Every structure is written in structure tokens, then in C-alpha cells.
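The next block holds one structure in the form of C-alpha cells; read it before the comments.
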Amino acid sequence: MRGNPVYKREMTISSRSIRLPMIMLIFNSILALAAFLNMYSVTTRVEVTAEISYSSFLQLYVFLTLIEFFMLFFIMPALTAGSISGEREKQTLNLMLSTQMTPAQIVLGKLLSSMFHMALLVVSSFPVIFLVFVYGGIRLRDLAVLLLLYISVALLCASFGLCFSAFCRRSTAATAMSYGFLVFLLLGTYAVNVFVRSIMQMGRADYANQVGLMTSQADSGVFFYLLLLNPALTFYRVVGEQVGNLDLFVQIIEESGNHPSGPLIGAWVPVSIGLQILLAAGFLLAAVRALTPSSGRTKRKKKYLS
Amino acid sequence: MLRIENLKKTFGKYHALDGLTMEVKQGALYGFVGPNGAGKTTTIKILTGLLAADEGKVWIDGEDAFGDARRVKEKIGYVPDSFGVYDNLKVREYMEFFASCYGLEGLMARKRCSCLLEQVGLEERTDFYVDGLSRGMKQRLCLARALIHDPILLILDEPSSGLDPKTRREFKELLTELNEQGKTILISSHILSELNQMCTDIGIIDQGRMILSGNMKEIMARVDQSNPLMIHVHRNMDKAMAILRSHGCVRTISIKDNCLSVGFTGDAQDEVLLLQRLIDAEVLIRGFYRQQGSLESLFMQITDHKDKEVLLYEGKPSI
């Protein structure tokens, strides 16, 4: 990591920029405020009812990790979407590519830098997240699994941000495409399942009416597996399991129909994390390919004219 | 040092390079000129590994440029037409970053950076932020950056664009100094008067093909031969006109204020004999000289009217 020139330069530049401290300040302020409000409401309730509800502290954990998850989910593309296209806009990308640095080293340097920023955000939030240990109910192992999920989600978001950044000439276009893909992962995978299932349901209902049978339960078919790429669903699965409440996860799965998916549901977290890492690797390879001269962009003739 | 053979590159239906062939000798300061869209930047991007060629071969220092990219890039220093600087990075850090891109680290890199910054006159600015430097300083910094790994071939793409005349002159002196130190330099520029003064060789490219290349002195001598002979007559204009009309090497004559502009196809010997005939005929002459050619006039001649006035064979012009 230390040997990568791009990573070292990014660290030097970001250490001088106000951007990272501001992101950390806002990130931790939101977490701290959420923790404070939750604890305030619990203690106020104790004053009124003289009853301590320990489940409220687990809710605090769910609430805080949820906020942290979504903040990471939305911050990571912002950190990476402009990184390569920004170099292109500043006309420094060609300078780097004309040196002995390979496109893979450039992409890796950018990735490491964004992952380091993610690590800073997560580690700086530990004091607030660890409030839950004051009351118990969550083990260190649970937090380790959550951390693994954060890393895989950050890796995925950073990778598609870098990929779009490598393909787009403008940072604004790269950012728009990154957030478009993010929305697809978050809502699109779910919407596709609901949509396909409702189409299938309509078809089966027509058939059932014609032959005088009861409507049978339809499902979304292979589109169900798209849900494995939905980091939010995997997050619900991880945290739900830790606090003993999988209602939301089950509800979302059921909305995509009846699937013979018992073993898959059981191994949802490792399979989902594995798929996300694979997808991230695919995006990184595509980013490297986009920066490799042999890939060429022959349709953009005006850019290369003397 | 650099040999290009039948280089082709198309963008869609547009032929940016259409069989470009050229050679840059070791130690040359090669001016690479051509009108906009001629294919200069495309050629340079292919040489620096930023663009892949469709066809053709390139050898740099005897090595296939499309082979081991790392080895080839080690031999090339590239200065693009833009500065390419980072905000929040100091001059020293900028240089050290590019040194590390070539695997130079630690004390060795620092020494090399200091040496180069001194050479380009930026030793006092090592702790200045790069984006705070003037255009001229940024250009010199870019040159120092391109030299960080001690390349044997330096490629500059329009390096003087946007610089004031004083800075351009300083930059030109710097390039001449580097050339004298043994660096082979390929420079693409639109400022032909500068190339005229500093280049040892020149290549003119148009529509993706090399239309004229060779040693600068030889080319300029040929250009001079195509220029008119200027004769300032003080007395006996009629006799002068009679002699010129009867001379076999005279093609055209025009008169303006006792000054004759003569299209003369003869060589230096013929010029001497003509002058002797005029003197013997008691024509009083104030001036007798070939009009000096310039790279601009040659460039305009070739790129504007090459099909009418310039016939090419075996890469050499016949004017």
C-alpha cells in the first residue's frame, strides 16, 4: 500500500484538504446526535414509567448502525466518482499514464485511498457505536461481522464509482451514473422483483380464473437472486439476526414470492458479501481496461486531433 | 533514435494517421510541424503509449515501442500541451510523486529533483504550491518532471502555447541546452520562427502523412533556391531587362521601385555569371541577393499548394 505513488499522493493532498475533516465532523455529528436523542428518550421514559426497557438500547444499536451504513453507502461513490475523471479534467491522467505506472496501479491507488477514508470514518465512529456495550446484548463478534459488511459495501461502492469515473470524461456524469447505479442496487433490485412477481401473478390469475382454480402464488424467478446484490437487504439480515428481529428481511423476501430458497436464506450473508466482492472486482477490472490504451475509443476522434 | 514506419490510426471513418513514416536521429532537435488536424498529437500519443496504433511499427532506441511498455516509457520524457498540476501539492512533492512513478524513491529521488529544479531555475520555489506558479514556471516544472527519469528522448507537444515571448525564449534556450547535453528532442509547435532557429531537423506532416522531412539547413537551402532573386538597379534598367529576358534561367520578372524580383532557376554559379553580365553591360546595381526563405513560407507553400508547386520523390522536395 505504501509503495503506491497514487495512494501516497492522495494521502498528502487529502491531509491538506478541509473535505475529509468536514465529512468526518458531519458523519460523527449525525451519529452522536442520533445516539443522544435515543438515550434521551429512553431516560425520559424511565423517569415517567420507572421501567428500563433494554430493547431500547438494542434499537439504539440498530438505529446507529443503520445510519452509519447508509452514510457509508452514499459517501463512498462521492469519494471515488470524480477521482479518475477529475484527473482527466485536470489533464494529469495522461501524465501518469505516460510514466511507468500501469492503469492497474492507478486504479488500485485510488481504491486504497477511498478505502482508507472509509476506515477513518468507521473507526472514528467506534466511540458512539460502542455505547451499546454499556448495556450489553451485542457481542464483539457481531460487530466484526458488521464491519465485514461495511468493508464489502464500501468496496462495492468505491469500485463502481471508480469504474464510472474511468469511463466518463466528466466528473458530473460519473457521479450521476454512480448514484444511478446505487439507487438501482438499493431500490431497483427490489422493484424488479416486485414488478416481475406482479406480472407473473397477473398471468397466473387469468389462467386460474379461466379454469376456475384459486390463484396460485407466483414468484419473481431468477430475478430473486438480484436481491443478493442489495447491500441494504444484507445489512437488515445481519443486524436483524443480531437483535433477534428478522421481520423486515422476511417481509421483503416474501414480497418476491415463494422461492425454494431455504439454504440460500441461511447462507444469505456470506453469499451476498461474496457476490458483492466479485462484482466489485469486475468493476475494478473494467476501470483498468478503460484506462488501458489498447481499449481505444475510436469514436471520439475530435479529442485526439492535433 | 526514433523510427516510425507506416503508422496508421483511424477514428471511425477519419484517418488521423495514414501511413506516417519518419525518422529522428540521435542527438537531433526535431521540429514536428503540421496544420491543425494533421496528426501530430495522435502521433505523439502513440509514441508515449497513450493511444494504440491500428497499424505500423515504431522503434525507440532500437526497441519495439509496442513491446515492453515499461522499458519504452523509461526512454521517453513527455511534456504535453497542458501543464497538468495538482492543487495542494508543492513543487518538491510534485516532482517526487513523478519520481516515484518511475520507481525512484528516497534520497536518490530527492537529489534528482533538486538537480532538475536547479536546472530549470525553480530551486527557490521548491516549497511553493504548484498551482500558484506562473505559466512559464509551470512549463519549466513540466519539463523538469519529464526529465525526472533521465530519458534519452524528450517529446514535447506544443510546449510554448500560451507563453509570453520572454518565457518562450527562456524555454527555447533550455531546450537547446538539453539538446547540447545529448538529449534527442522531438518538438511539435506552431511557432515556426522558433523552430527555424533551434531545430536541427524538421518534419512536416499533413493529413496523417509525412510530406517533407530532413536536415534543416538542407531544406532551407532548397527553399532559398525557390525564392526570387532580388536585383536593385540604380541605372540602366532597360539594359538590365534586356539581359534578363534573354537569360535561360529566368522564368519571371516583376518590377517595383527599381527593384527587380526575378524567378531564377539557376544555382550560385549562374547567379555569379548573371551579376558579371549586368556589370559588364554597365548596369549600376545597388543590391543583388536571393530573398531569404523561412519555415513559415515553406510550411504555407507545402500545406496550402503542395500539389501545384512541390513535387516529392523519395521523401525529398523538388521545388
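The values are calculated or read from the model by the stated rules, or taken from the named source; none is laboratory data. Note that the structure is predicted; figures quoted are calculated from it, not measured. Cβ: placed from backbone, ideal geometry, glycine included. Neighbour counts: every protein chain shown.
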Inset, instruction - Tell me which residues, restricted to the range B:1-51, are touching a Cys at 6+ places or on another chain (Cβ under 6 Å) and not aliphatic (A, V, I, L, M). - result: B:Gly31
Inset, instruction - Out of A:Ala158, A:Ala144, report the one residue that is away from chain B (no Cβ under 14 Å) and either β-branched (Val, Ile, Thr) or crowded, with 21+ Cβ neighbours inside 10 Å (or both). - result: A:Ala158
Inset, instruction - For the range A:5-12, indicate whether the set of residues that are surrounded by 16 or more Cβ atoms within 10 Å (Cβ to Cβ), of a type outside the set (A, V, I, L, M), away from chain B (no Cβ under 14 Å) and touching a residue at least 24 places away in the same chain (Cβ under 8 Å) is non-empty. - result: no
Legend entry - Pairs, first at the interface with chain A (Cβ under 7 Å from one of its Cβ atoms) in the range B:72-87, second part of a strand (DSSP E or B) and of a type outside the set (A, V, I, L, M, F, W, C), C-beta under 7 Å, six or more apart: B:Pro80/B:Asp157
Inset, instruction - Test B:Lys57 against the stated conditions and say whether it is more than 7 Å from chain A (Cβ to nearest Cβ), free of Cβ contacts under 8 Å to residues at least 12 places away in the same chain and under 20 Å from B:Arg209 (Cα atoms). - result: no
Legend entry - Residues of the range B:241-255 satisfying the condition of being surrounded by fewer than 16 Cβ atoms within 10 Å (Cβ to Cβ) and within 16 Å of B:Arg290 (Cα to Cα): B:Arg251, B:Thr252, B:Ser254, B:Ile255
Legend entry - Wholly enclosed helices (runs of 4 or more DSSP H) of the range B:11-129 bearing at least 2 residues modelled with pLDDT of 90 or more, out of contact with any strand residue (DSSP E or B) (no Cβ under 7 Å at 6 or more places or on another chain) and closer than 21 Å to A:Ile84 by Cα: B:91-101
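Yes or no, residue by residue, for (1) modelled with pLDDT of 90 or more; (2) within 14 Å of chain B (Cβ to nearest Cβ); (3) more than 25 Å from the chain's Cα centre (by Cα); (4) surrounded by fewer than 20 Cβ atoms within 10 Å (Cβ to Cβ):
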site	(1), (2), (3), (4)
A:Ser55	no, no, yes, yes
A:Leu64	no, no, no, no
A:Lys90	no, yes, yes, yes
A:Leu95	yes, yes, yes, no
A:Val107	yes, no, no, no
Legend entry - Considering residues of the range A:69-83 that are touching a Ser or Thr at 6+ places or on another chain (Cβ under 6 Å) and away from chain B (no Cβ under 14 Å) only, the residue surrounded by the fewest Cβ atoms within 10 Å (Cβ to Cβ): A:Leu79
Legend entry - Within the range A:137-180, tally of residues that are in contact (Cβ under 8 Å) with a residue 40 or more places away in the chain and either within 27 Å of A:Asn38 (Cβ to Cβ) or not aliphatic (A, V, I, L, M) (or both): 26
Legend entry - Residue check, A:Gln100 at positive phi and either within 14 Å of another protein chain (Cβ to nearest Cβ) or surrounded by fewer than 18 Cβ atoms within 10 Å (Cβ to Cβ) (or both): no
Legend entry - Only listed residue being touching a residue at least 24 places away in the same chain (Cβ under 8 Å), of a type in the set (Lys, Arg), more than 30 Å from B:Ser193 (Cβ to Cβ) and within 11 Å of chain A (Cβ to nearest Cβ), chosen from B:Lys90, B:Lys40: B:Lys90
Legend entry - Hits in the range B:148-166 - residues which are touching a residue at least 12 places away in the same chain (Cβ under 8 Å) and out of contact with any helix residue (DSSP H, G or I) (no Cβ under 9 Å at 6 or more places or on another chain): B:Ser161
Legend entry - Unique residue being small (Gly, Ala, Ser), buried (at least 18 other Cβ atoms within 10 Å of the Cβ), facing chain A (nearest Cβ under 9 Å) and without any contact (Cβ under 8 Å) to a residue 60 or more places away in the chain when the list is B:Ala99, B:Ala109: B:Ala99
